[in-house]
Amino acid sequence: MKLSILLLFTLHVTLYTSSKSTPYPLYAIEFGVEFPIDKQRAKILTDHFDAYFGSIEVSKDIAQHTKTLDPDFEYVRYVGRWTVGSEARETIENGQRDQVLHYLLGELAEPIAPDTTTFKVANLYGTLPDNSTLNETDVWLRVEDEWMRITSATGKQVTVERAWDNSTASAHSKGASILAPVVGSKTKIRNGKLALRHDTASRLRWQEVLEEALKHNRENDAATWIDILMGNFASYTLGGETVPMNSGRQWNFQTWSPYSEDDLAEETEKAITWIQNRYRDVTGEWPTIWANNMEFPQSPDSPRLQMLLPSEHLPRPLDGFAMENMYAHWGYGGGSGKNFMWVPEDEWIEHLQSLMLMGELKVNARPLMFDGGIDNLKFARLPHNERERLINYGYASYLMGVKVEPDGSIYTKLGSCPIAMIDDKPQLHIYDCFTWDIGHPIETRLSSDALGYRIPNSSVFIRRFENGIVLVNPSAEQSNPIQLPDTEKTLIDPTIKTPASTTLSLGPRTGKILLLR
């Protein structure tokens, strides 16, 4: 049913435009850089990109000026809000603690009476909080309908204050579920309070996101990018261990059982629809909402992919869903890591297949070379030759999988960072490869046949275009020499503007675009 009505709801489709400075659709991303947009920068952005995302600084006047340059250009501003803010916390502390995410800490090892204050936890997940945490803030448990505050914890044993937060002490049976709040930050305490993680099924987070989206609209007519729309990021036990969704421990208060991935997907769909409708009630127009992280679906049944397909709970899909860390990264999530990492060859192939599938389904996927956060600042600080190599590889990898419709429509828009830090000052830099007019692909395989692009007995992938060819070696090893296909015109290496050798070898993780002259 979803696929049959898909075309009625597809949004923000970009056309291949040979007359534009960058023929294939791109969006720009920055993060952690003080880089206010002025008219000159707006001109550079609109000449080369369809959108600009991040913690961006743009005034209402400049935003309106930008629309005169390109009416379809979008500023897309970041919003997180997966941890509980001050207003939501006030609601929680006024009798609505079940509105934040909890996890199944364990079960009662033995039955307890209404006056029992010390008991053991069976089937304990992770560890209990240390006493320094307990001395600094309130940490609670829930057993059936009763709230309890932990006063001390050792091993699998806890001592609690019963009938806490206006609940009633009662007897509880052996095996009764013990719930605890999920912590939303490795820094467990913030401003003297436990850093709590929002529950997808509650409206508390989505109210905060809505308010941010309306603020973006008022300040500079900007769209909104919701970080951590779905997934396991920043979900920790009271002792600091992660609580992934597939642990079977994240708790659904509505069903009094662990969340399933389908449960969370459905609640997320309902939340986005709620935001869209409330936003339209206020402004009279639909919001533009991008989000991350879709990851790399391999089938239309992926719960994350469903966010880009119309459904009963989400009649109007997201306007864009990022596929982060397509080709390289500095670790995963948040502050990421310190060490640069290439995406391994087997994952690169999975990412290629996923990108091709997104084109086949005509959904607004947003492949992103790195992550949607601080990795882009790390990239901006690299020397020029390293940045250029990464961009050439990432762009060639994107061209290997992008699908162009007969009318030139392209649904998968590529994101990268155009910021370069020169003497610690940010500048916009447009990489040459983006400007090369390689034309439409003249061969397009199905995602199930992605390996058909690989040259037999080689690690190199090749794809033919109207105006040239694209080569990618995703392997960690130098490729064996390959013979270029015969062409009526001469293949030119645009980086050195000379004819390419008919036989060549690609270095590890190398992308190359050759143009016909």
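What to note about this one:
- For the chain, the antiparallel share of DSSP beta bridges with both residues in that region comes to about 70%.
- FRET E, pair W256, T490, Förster distance 56 Å, beta-carbon r, rounded to 0.05: 0.20
- Translational D in µm²/s for the stretch 383-462 (Stokes-Einstein at 37 °C, 0.692 mPa s, Kirkwood Rh from C-alpha pairs): 220 µm²/s
- Förster radius 25 Å - calculated FRET efficiency between N480 and R517, Cβ distance, rounded to 0.05: 0.40
- All-pairs alpha carbon distance profile, the stretch 219-320, 5 Å steps from 0, percent: 2, 11, 19, 22, 18, 14, 8, 5, 1, 0
- Ordered from longest to shortest, the equivalent ellipsoid semi-axes for the stretch 407-516 are 25, 18, 17 Å, each the square root of 5 times a Cα gyration tensor eigenvalue.
- The stretch 55-75-the stretch 406-437 distance, computed between alpha-carbon centres (Å): 18 Å
- Placing a label point 7 Å from the Cα of I442 along the Cα-to-Cβ direction, the residues of the stretch 474-511 whose backbone N falls under 20 Å of that point are 483-494, 499-504.
- Sequence-distant lysines (8 or more away, or on other chains) whose Cα lies within less than 18 Å of K156: K120, K174
- Inter-centroid distance (Cα atoms) of the stretch 272-342 relative to the stretch 363-395, Å: 19 Å
- Average Cα contact separation per residue, the stretch 28-132, under 8 Å, 6 or more apart, as relative contact order %: 19 percent
- Proxy reagent accessibility, fewest Cβ within 10 Å first, across L484, L104: L484, L104
- The chain: calculated mean residue ellipticity at 222 nm from DSSP helix runs of at least 4, using -39500 (n - 2.57): -7000 deg cm²/dmol
- Members of K186/K338; K215/K338; K186/K413; K186/K378 lying beyond 27 Å, as alpha-carbon distances in this model show: K215/K338; K186/K413
- For the stretch 32-100, taking the reciprocal of the average inverse distance between every pair of different Cα atoms yields a Kirkwood hydrodynamic radius of 14.4 Å.
- Subtracting the Cα-Cα distance of Q64 and D130 from 0.36 nm times their residue separation leaves 18.5 nm of extension gain.
- Helix 39-48 vs. the chain, principal-axis angle (Cα, 0 to 90°, nearest 10): 70 degrees
- Between the helical axis of 60-69 and the longest alpha-carbon principal axis of the chain there is an angle of about 30 degrees.
- Prolate/oblate/rounded label for the chain (Cα gyration tensor, a/c 1.5): prolate
- Reach of K270 by Cα under 14 Å, taken over aspartates and glutamates that are not fewer than 8 positions away in the same chain: D199, D262, E312
- Taken over the stretch 86-218, the alpha-carbon convex hull comes to 108 cubic angstrom per residue.
- One chain, two ends: N385 and A176. Fully extended at 0.36 nm per residue, the span grows by 69.2 nm beyond their Cα-Cα distance.
- Tilt relative to the chain, helix 204-220 - C-alpha long axis, 0 to 90 degrees, to 10: 40 degrees
Values quoted throughout were computed directly from the atomic coordinates according to the rules given, and no laboratory measurement underlies them. Computed from a prediction, not measured in an experiment: that's the story for all the values here. Quick reminder, even Gly has a Cβ in these numbers, built from the backbone with ideal geometry, and neighbours come from all protein chains shown.
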